[in-house]
């Protein structure tokens, strides 16, 4: 069993004065036979074609924008004001991506051999109609009849995308000619944006169709490095 990854990757980097910035974009798709996760197991060993699909971590769009600005004032850090205001740089990394894929599954019942449900309608919900309690149309899935397999694909439900900004402020303090201390203030998810991470896709579960996990909140970190 093999998988394939195809992508279009574009990157650009430029420095203008004290500002350096870079942009990279990936349009990608992974197709194969996954074996991880709730829906990862093989449903029908006599129908391997039904097991091939776009894989769980196939995020269609991935955009990363980074920038660093070396603050121009008091570069020589002379005097007390120079020691305080000089040697600073600020940077940020913006990461925007579409969501990962989730596989529909079913709870176990007597005489049930299916691990995936039947698709009986359009499950996709427009963004303005989604909520934490109804991320997709649950009525679009139905339990297969006894002793039959579900017709749903393996990984078909596109989950929530993510949006993140990591911001950094760095300051170099000269101690000796070849020695300096770097002070670092780092903020991960600086905008404190709520990124939805997982959804319940198990038909028969009371939380079917609901968002079941969120990403980390804003996280601040202060540190120092001795460089020589």
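The values are calculated or read from the model by the stated rules, or taken from the named source; none is laboratory data. Every value quoted in this text rests on a predicted model; they were computed, and no experiment measured them. Because the Cβ atoms are built from the backbone with ideal geometry, glycine has one as well, and the counts that use them run over all protein chains shown.
Please go through region 105-120 and give me each residue that is over 12 Å from residue 201 (Cα atoms), surrounded by fewer than 14 Cβ atoms within 10 Å (Cβ to Cβ) and in contact with a strand residue (DSSP E or B) (Cβ under 8 Å, 6 or more places away or on another chain), ordered by number.
Passing the criteria: only 120.
Looking only at region 83-104, how many residues end up being free of Cβ contacts under 8 Å to residues at least 60 places away in the same chain and surrounded by 15 or more Cβ atoms within 10 Å (Cβ to Cβ)?
3
If I filter region 161-170 for residues that are more than 30 Å from residue 223 (Cβ to Cβ), out of contact with any helix residue (DSSP H, G or I) (no Cβ under 9 Å at 6 or more places or on another chain) and not in a strand (DSSP E or B), do I get at least one hit?
yes
Could you say whether any residue in region 30-37 is over 22 Å from residue 199 (Cα atoms) and either at pLDDT 95 or above or outside any strand (DSSP E or B) (or both)?
no
Quick one: count up the residues across region 43-97 that are closer than 30 Å to residue 31 by Cα and either part of a loop (DSSP other than H, G, I, E, B) or in contact with a helix residue (DSSP H, G or I) (Cβ under 9 Å, 6 or more places away or on another chain) (or both).
12
Counting only residues that are in a strand (DSSP E or B) and within 30 Å of residue 169 (Cα to Cα), how many does region 188-212 have?
3
When you scan region 134-151, do you find a residue that is in a strand (DSSP E or B), surrounded by fewer than 15 Cβ atoms within 10 Å (Cβ to Cβ), out of contact with any helix residue (DSSP H, G or I) (no Cβ under 9 Å at 6 or more places or on another chain) and at negative phi, even just one?
Yes, some residue in region 134-151 is in a strand (DSSP E or B), surrounded by fewer than 15 Cβ atoms within 10 Å (Cβ to Cβ), out of contact with any helix residue (DSSP H, G or I) (no Cβ under 9 Å at 6 or more places or on another chain) and at negative phi.
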